[in-house]
Amino acid sequence: MTPIAQALEARAAALEAELQRAMNARQDPQANGAYSSEQIKSLQTELARLTSMMQDAIRKVVGDAPINRGKVKLDLPPLIDNGNVVPLSVSVDSPMTPTDYVKAIHVFNEKNPQPNIVSVQLGPRAGRASISTRIRLADSQTVTAIAQLADGSFWQTTQDVIVTIAACAEEIS
Amino acid sequence: MARAVVTVPPRAKRGEIIEIRTLVGHRMETGFRHDSLGRPLARDIVTQFVCTYNGTEICRAELFPAISANPLFTFTTIAVESGTLEFKWTGDNNFALNETASITVE
């Protein structure tokens, strides 16, 4: 894990702990120095900002539908030398018949400036639900691939990757 | 001018699943970088890719700045009939590029 990712995770953990303490203190009227509701709100907002960019993007695509685990296979090298060019392939276990096929494949990341990577619309004529491309990763993080099937169900898989040279870091001459 | 390279097998058996590989020469500037004087560089990316097979859309992809420079995209399709595959990329700053490939299905 890079120092930045470590720091972010530590900050999120600290925020979570403080929020927990604040909530406990509110329920106990005897507690000294109880947190005001503004303080709790700002803690919640900051925690949400740290953790939810990817979740927001996912919810925008999925809506309120439940997301199942499995069926999707995400192929990424676990250790990446250069975050500017990372080979990625996604395949989905599906017969790809006219009634049972993969409608769309979406790929998301946690720590790039934008949570989306690519969204692909497929149909039964694809024959196989399998795509590949090359992506940029700004930091060590978790990459998520979500497939939407013809019946409307969503399936996801995640993979953790370690990036040694981040994308966006190079100098421009 | 940007160029595209598309790899489609020239012949295929009917019903065979073929792999199509596409590559476009494009810098995919993310919009998150700065030049040596600290000025932001405007976003310039390919945002959309569409492939049609004899006029029927078989694959469509929406691209984001997280796609590497010179975007590579591969996918599969079933060889149903002889004809033309048309590939179309569009993007920022009125970027538009078309490429076609023909296939013979036996």
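Computed quantities for the displayed model
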{"read-out": "Rounded to whole Hz, the Karplus (6.51, -1.76, 1.60) HN-Hα couplings of segment B:47-59, x for glycine and proline", "value": "9, 8, 10, 9, 10, 10, 10, 6, x, 9, 5, 10, 7"}
{"read-out": "Within a Gaussian network of chain B (alpha carbon springs, distance under 10 Å), most fluctuating of B:ASN93, B:ASN70, B:ASN54", "value": "B:ASN93"}
{"read-out": "Local net charge near B:PHE73, Cβ-Cβ under 14 Å (Lys/Arg +1, Asp/Glu -1)", "value": "+1"}
{"read-out": "Calculated P(r) of segment B:34-84 - Cα pairs past 15 Å, %", "value": "61 percent"}
{"read-out": "Segment B:21-94 and segment A:115-152: distance between their alpha carbon centers, rounded to Å", "value": "14 Å"}
{"read-out": "Cα-based Rg of segment A:60-165 normalised by 2.2 N^0.38 Å, two decimals", "value": "1.07"}
{"read-out": "Scattering profile of segment B:4-105 at q = 0.13, 0.14, 0.22 Å⁻¹ [log10 I(q)/I(0), Debye over alpha-carbon scatterers]", "value": "-0.51, -0.57, -1.09"}
{"read-out": "Principal axis dimensions, the protein assembly as shown - Cα atoms, whole angstrom, descending", "value": "83, 51, 32"}
{"read-out": "Neighbour-count order for A:ILE165, B:ILE67, fewest beta carbons within 10 angstrom listed first", "value": "A:ILE165, B:ILE67"}
{"read-out": "Averaged over B:28-34, number of beta-carbon atoms from partner chains that fall within 10 Å", "value": "4"}
{"read-out": "Ascending count of other beta-carbon atoms within 10 Å, so fewest first, for A:TRP155, B:TRP89", "value": "A:TRP155, B:TRP89"}
{"read-out": "Peptide B:87-99 - average C-beta neighbours from other chains (10 Å radius)", "value": "0"}
{"read-out": "Fewest-first ranking of B:PHE32, B:PHE75, using other Cβ atoms within 10 Å as the exposure measure", "value": "B:PHE32, B:PHE75"}
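Every number here is computed from the coordinates shown, using simple stated rules; none is lab data. A quick note: this is a predicted structure, and the numbers were derived from the prediction, not measured. Glycine gets a Cβ as well: all are built from the backbone with ideal geometry, and neighbour counts include every protein chain shown.
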